[in-house]
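Okay, so here's the structure we're looking at.
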Amino acid sequence: MNGDWPAEPAERVRLLLARVLDELDLKGEVEVEEGEATIEAEVIGDDDYGLLIGRRGQTIDALQLLCYQAAFRGIRERKRVTIDAAGYRERRRETLTARADRAAEQALANGRPVELDEMSAQERRVVHEHLKERTEIETYSEGEEPHRCVVVAPLLSE
């Protein structure tokens with residue numbers, strides 16, 4: 001980037017997202033909150049952010065990685081960066097946890113593992129975290145990136 005690149009990681013995220021919105025001719029406000037271990041940015045506005053989110057969240061995931069790399073270029077201490085638009089992440093989390101619950105019930109009912117659709121590492125983490133308290137099942141990931149998926153399997157009782 002050029003000389004107007006901010007020194008602070010959160011401001012770098014804000015500027016990069018604002019530039020992406022501008023280039024895509026999307027209207028919206030970028031709100032950034034920085035915590036001790038995270039930088040969370042959300043694009044808020046009336047536009048349809050489908051282009052920004054992309055198919056199955058792939059575009060927003062790529063944008064999130066780009067923001068992370070830009071935010072911490074030349075900086076040793078790093079934080080997790082999360083990007084959201086129009087509440088996509090929360091809606092996706094709800095979808096994933098509902099699907100995880102259905103897979104767990106199906107695995108228990110049939111006594112066989114259930115393989116979920118391919119998903120990103122962040123989405124797989126949501127499923128693993130959601131089901132970790134269920135002692136009658138286990139979860140694990142299978143496959144090679146970018147085609148990894150979560151498998152929900154019943155634990156055999158002895």
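A few points about this structure:
- Residue in segment 51-72 that is charged (D, E, K, R) and touching a strand residue (DSSP E or B) at 6+ places or on another chain (Cβ under 8 Å) present: no
- Criterion violated by Asp61 - all others in (1) within 28 Å of Thr139 (Cβ to Cβ); (2) among the charged types (D, E, K, R); (3) modelled with pLDDT of 95 or more satisfied: (3)
- Residue match in segment 16-25 (condition: in contact with a Pro (Cβ under 7 Å, 6 or more places away or on another chain) and basic (Lys, Arg)): no
Yes/no per residue for (1) of a type in the set (S, T, N, Q); (2) farther than 22 Å from Ile60 by Cβ; (3) surrounded by fewer than 17 Cβ atoms within 10 Å (Cβ to Cβ); (4) at pLDDT below 95:
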position	(1), (2), (3), (4)
Leu96	no, no, no, no
Arg102	no, yes, yes, no
Glu118	no, no, yes, yes
Leu131	no, yes, no, no
Pro154	no, yes, no, no
Ser157	yes, yes, yes, yes
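- No other residue among Glu118, Glu42, Glu138 is of a type in the set (Asp, Glu), touching a strand residue (DSSP E or B) at 6+ places or on another chain (Cβ under 8 Å) and assigned by TED's automatic domain parsing to the domain that holds Glu29 apart from Glu42.
- Conditions (1) within 20 Å of the chain's Cα centre (by Cα); (2) at pLDDT 90 or above; number of the one not met by Gly50: (2)
- Test for Glu123: is it under 30 Å from Ala18 (Cβ atoms), in contact with a strand residue (DSSP E or B) (Cβ under 9 Å, 6 or more places away or on another chain) and assigned to a helix (DSSP H, G or I): yes
- Counted residues, segment 136-150 - those being at pLDDT below 95 and within 15 Å of Asp101 (Cα to Cα): 0
- In summary, Arg73 fulfils each of the numbered conditions (1) within 30 Å of Ala7 (Cβ to Cβ); (2) surrounded by 12 or more Cβ atoms within 10 Å (Cβ to Cβ) with the single exception of condition (2).
The values are calculated or read from the model by the stated rules, or taken from the named source; none is laboratory data. Quick caveat, the model's predicted, so the values are computed rather than measured. Please note: Cβ atoms are built from the backbone with ideal geometry, for glycine as well, and neighbour counts cover all protein chains shown.
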